[in-house]
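The values are calculated or read from the model by the stated rules, or taken from the named source; none is laboratory data. A quick note: this is a predicted structure, and the numbers were derived from the prediction, not measured. For neighbour counting, all protein chains shown are included, and Cβ atoms are generated from backbone atoms with ideal geometry for every residue, glycine included. Protein only, heavy atoms only, side chains kept; ligands, DNA and RNA dropped before computing areas. Shrake-Rupley method; radii C 1.70, N 1.55, O 1.52, S 1.80 Å.
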Amino acid sequence: MIFTLVWENVRFKPVRTLLSVLLIAVPVTLILTLIGLSRGFLEDSARRSQGIGADVVFRAPNTSVMTFSGAALPDKLIQALAGFPHVAQVTGVVNQPIGGFDTVTGIDPAGFTRMSGGFVFREGHMFQGPNDILVDQFYADQRHLHVGSTIRVLNRDWHVAGIVEPGKLAHLFVEMPVLQELIGATGKVSTIYLKLDDPANTAPVIQELQTKFDGYPIYSMKELVSLISVDNIPLLAGFINAVVGIGVIIGFAVVSLSMYMAVLQRTREIGILKSMGATNRFVMGIIVAEALALGFGGTIFGILLSFGTRWAMLHIAPASLPQAVVPSWWPLAGAIAIGGALLGSIYPGVMAVRQDPIEALAYE
């Protein structure tokens, strides 16, 4: 009986129902989009780190897992590390931020190619001059670039020499000596990557390196990827919690307002029900059931809208704003929406059951 009344009310008030569902979907979409962006950024960073094909990552002292910039390692270490047993290839890179989450990476083309297998070019070719820059397809799509285009990075105009497949360490590449000179880090690199003759030798090689280079962060690539997480980015976990909290508050306020207006519009209906003997529990059940239905509908719509935001990010800023789909957060976002809906229905429900049937029948 209750669900029949709820269905009829929803069916005969389509505009109000759709607006309520949309407003409940907004916090769900907000939560899933921001969680997806944070997860997408981390997954993209991990995927690009793996793309270089290294087994061991060697960094400067006092740098964290999520350090992507700064050049503090002397490049002479590259040759020193190449002499260790089981080390087959060594190459160093220089990372320099250019705004937001973007960095430009300086590479030694020969060493990078030996380690990673080289770039797959969609357009163009490798560096041919000091002003040449390579960009991956994501960055090219985001900035509408083609071979021959000119872009300004680090207060310098660069000629786009090639567009490469994504997934190998960075979105933008220049020759390492050029970037070292540009940022005043001649003879320095940010990170050194080692490729071994057999990945099974990773643990003993790392142990030997740690003995020789005490205080230097040295990771296996597998370990580095596992450490690229929300917990290792300062303030990110707090930011996510704040977003979830905002979503709860918005959901509660929206549902409370929606249900309050619904009760005002149904004063006569509630009066008729009570005059026919409907109990306070029955009337309250109608209000709560409708809130539950709106919360569930808003959750489904919010999940669908999050796919829409992902599509938009993919077409607007695929390099800077990679958004992942995070199904594990769907139940939580749904619980927030439905819980907010149920909590938001309490006050309108209490107001409804307190109505005097005579006054309600005389309404308007």
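Which shape class, rounded, prolate or oblate, goes with region 102-192 when its Cα gyration tensor gives a ≥ b ≥ c as root eigenvalues, a/c under 1.5 marks rounded, and past that a/b bigger than b/c marks prolate?
Oblate is the answer for region 102-192, as a/c is 1.5 or above yet b/c matches or exceeds a/b.
What accessible surface, in Å², does a 1.4 Å probe find on ILE338, ignoring ligands, DNA and RNA and rounding to the nearest 10?
40 Å²
Under the rule of at least 5 residues apart or a separate chain, name every residue whose amide H is placed under 5 Å from the amide H of GLY124.
ILE163
At 1.4 Å probe size, what's the solvent-accessible area of ARG156? Round to the nearest 10 Å².
For ARG156, solvent-accessible area is about 60 Å².
From largest accessible area down, sort LEU194, LEU154; use a 1.4 Å probe on the protein chains.
Result of the area sort, largest leading: LEU154, LEU194.
Please label the shape of region 274-333 as rounded, prolate or oblate, based on the square roots a ≥ b ≥ c of the eigenvalues of the alpha-carbon gyration tensor (a/c under 1.5 means rounded; beyond that, a/b larger than b/c means prolate, else oblate).
prolate
Length gain on complete extension for the stretch HIS125 to GLN210, per 0.36 nm per residue less the alpha carbon to alpha carbon distance?
26.7 nm
Taking square-rooted eigenvalues a ≥ b ≥ c of the alpha carbon gyration tensor, is region 124-252 rounded, prolate or oblate, where a/c under 1.5 means rounded and, failing that, a/b exceeding b/c means prolate?
oblate
Taking the Cα-to-Cβ direction at GLN50 and at ILE151 and moving 7 Å from each Cα, how far apart do the two end points lie in nm?
2.5 nm
Kindly sort ILE107, ILE336 by accessible area of their heavy atoms, largest first, with the probe set to 1.4 Å.
ILE336, ILE107
Heavy-atom accessible area of LEU19 with all protein chains present, probe 1.4 Å, nearest 10 Å²?
That residue has around 100 Å² of solvent-accessible surface.
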